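A.B. asks: I am attaching a structure below and will ask some questions about it afterwards.
Nothing in this text is a laboratory measurement; each read-out follows from the coordinates by a stated rule. The structure displayed is predicted, hence computed values, not measured ones. Quick reminder, even Gly has a Cβ in these numbers, built from the backbone with ideal geometry, and neighbours come from all protein chains shown.
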Amino acid sequence: MEYEIVMATEADRNEILSLYKAQLGRECCPWNEYYPSNEEIDWDLSRDALFVLKRDGSIRAAVSIEEDEAVDCLSCWDENLAPVGELARLAVLPDEQSKGLGRIMLKFGMDELKRRGFNGIHFWVNKNNSKAIRCYAVFGFRVVGECHMYEQDFLCYEKELLNREVL
């Protein structure tokens, strides 16, 4: 499986938006017709924070490096890991799921956060999203709390990024 992971550009916008919309209605997906939207793509592009996995010239997966005060303000995070980055909007085309692309994007995102000087990573996931939870377990993420946002229950995950990750 030959692929490349690159920083997204304006030319990728429509394909990224289609990827996001393909997630709607999937089990445990908190997204709706309003989120994520062009506004999130604008924000990510303006910060060089959106990456896409392409194969045969088409986008198969995406991940963003996020800055989200609502997430950062949760009391469960370990302050000793600061500065901490967050990955968000990890999406894989439905037909490409269960082929390891989510794991590849997660690994890439962690490496990119380390490259940008972050010591840790945190994020949350719907507590019933068993596919994502299995993926995070491979990387040794710790569940450090729970929260309720957007009318859903989430698990809060955290990990130190100082050690070299292995797939």
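A.B. asks: Out of the GluC sites (Glu not before Pro) in segment 126-164, which ones are loop residues according to DSSP with at most 13 other C-beta atoms within 10 Å?
C.D. replies: Of the GluC sites (Glu not before Pro), the ones in loops of segment 126-164 whose Cβ has at most 13 other Cβ atoms within 10 Å are Glu151.
A.B. asks: Measure off 7 Å from each Cα along the Cα-to-Cβ vector at Ala82 and Ser37, then give the distance between these two points in nanometres to one decimal.
C.D. replies: 3.3
A.B. asks: Whole Å is fine, so just give me how far the alpha carbon centre of segment 22-54 lies from that of segment 67-96.
C.D. replies: First find each Cα centre; the distance between them is then 14 Å.
A.B. asks: ³J(HN,Hα) across segment 39-47 via Karplus (A = 6.51, B = -1.76, C = 1.60, θ = phi - 60°), whole Hz, x for Gly/Pro?
C.D. replies: Rounded to whole hertz, the list is 4, 5, 5, 4, 4, 5, 5, 5, 10.
A.B. asks: Given Tyr150, Asn80, Gly109, which one lies farthest toward the positive end of the charge dipole of segment 44-167, if we put +1 on the Cβ of every Lys and Arg and -1 on the Cβ of every Asp and Glu?
C.D. replies: Gly109
A.B. asks: Magnitude of the Cβ-charge dipole of the chain, K/R +1 and D/E -1, about the Cα centre, nearest 20 debye? If you can, show how the numbers build up before the last one.
C.D. replies: Working: 20 positive and 31 negative charges, 163 e Å.
Here the size comes out at about 780 debye.
A.B. asks: Further question: Determine the calculated [θ] at 222 nm for the chain from helices alone, applying -39500 (n - 2.57) to every DSSP H run no shorter than 4 residues and normalising by the residue count; nearest 500 deg cm²/dmol.
C.D. replies: Details: 5 runs with 46 residues, N = 167.
Value at 222 nm, helices only, nearest 500: -8000 deg cm²/dmol.
A.B. asks: Quick check: residue separation of Leu162 and Ser18 times 0.36 nm, minus the Cα distance between them. What number comes out in nm?
C.D. replies: 48.4 nm
A.B. asks: Right, another one. Relative to the Cα centre, what is the charge dipole magnitude of segment 32-105, using +1 at the beta carbon of each Lys and Arg, -1 at the beta carbon of each Asp and Glu, and rounding to the nearest 20 debye?
C.D. replies: 640
A.B. asks: State, to one decimal in nm, how far the label point of Asp153 lies from the label point of Arg55, with both points 7 Å from Cα in the Cβ direction.
C.D. replies: About 3.5 nm, to one decimal.
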